[in-house]
Amino acid sequence: MKQKIQKITPNLWFNTEAEEAANFYTSIFKNSAISKITRYGNERHELSGMTEGKVMTVKFQLEGQEFTALNGGPKFRFNEAISFIVNCENQEEIDYYWEKLCEGGDMKAQACGWLKDQFGVSWQIVPADLSEMISSHDSEKTERVMKALLQMEKKIDLNTLKKAFEG
């Protein structure tokens, strides 16, 4: 039986760290696993600079979401234009994902719940109900939440946001 293919799969271009990154991410998120590793063969693109036998792609899942990591060489790097949002149910989850994903990352790239991990990938560690808070029909609540959020230099404090929302 053919496995159902996910319609859209994020492809993450690494220099040579695809397998290391996939191992790192699957160690952090529950319901996660590496499903397939392919290696460069005799035929390969000169852009990568990879030799035969080196890891080419790693297919992995995080919380059921499929990803592909590619060792494509140093030509392209990550930037903040793309980030992954981790919706957290409580402060304990926010603290857990923040601590794990920050490990070895760029400490200068942390603001208002955003961080950059050790591979240069950007993440947003946010409360699951943040979207509702900042899109409330009550503009006063929304303004208070945004003001509180923008004052948070690094990790989000859920209790502070809830207090701001409630007034």
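Some notes on this structure:
- Nearest-20 debye value, segment 1-76 charge dipole, Cβ charges on Lys, Arg, Asp, Glu: 340
- Distance from segment 132-166 to segment 1-27 (C-alpha centre basis), Å: 33
- Here LYS30 is the anchor, and the lysines within straight C-alpha reach of less than 27 Å, apart from those fewer than 8 places off in the same chain, are LYS2, LYS4, LYS7, LYS59, LYS100, LYS116, LYS154, LYS155, LYS162.
- Between the Cα long axis of helix 91-102 and the first principal axis of the chain there is an angle of about 40°, rounded to the nearest 10.
- Estimated dipole of the chain in Debye, rounded to 20 [Cβ of Lys and Arg +1, of Asp and Glu -1, Cα centre]: 580
- Charge sum, other residues only, whose C-beta stays under 14 Å from LEU149's C-beta, Lys/Arg counted +1 and Asp/Glu -1: +2
- Degrees separating the helix 139-150 axis from the principal Cα axis of the chain, which is the longest one: 50
- Most positive-pole-ward Cα, ILE94, LEU161, MET56, against dipole of the chain from beta carbon charges: MET56
- Label-point separation in nm, LYS59 to ASN90, each point 7 Å along Cα→Cβ: 3.6
- Solvent-accessible area per residue for segment 1-158 (1.4 angstrom probe, square angstrom): 63
- For ASP129, the shell of other residues with beta-carbons less than 13 Å away shows a net charge of -2, using +1 for Lys and Arg and -1 for Asp and Glu.
- Each of (i) 10, 32, 30, 18, 8, 2, 0; (ii) 9, 30, 23, 23, 14, 2; (iii) 8, 25, 22, 19, 15, 8, 2, 0 is a candidate for P(r) over Cα pairs in 10 Å bins from 0, in percent; the one calculated from this structure is (i).
The values are calculated or read from the model by the stated rules, or taken from the named source; none is laboratory data. Note that the structure is a prediction, hence the values are computed from the model and not measured. Glycine also receives a Cβ, built like all others from the backbone with ideal geometry; neighbour counts cover every protein chain displayed. Calculation scope for accessible area: heavy atoms of the full protein, side chains included, ligands and nucleic acids excluded. Shrake-Rupley method; radii C 1.70, N 1.55, O 1.52, S 1.80 Å.
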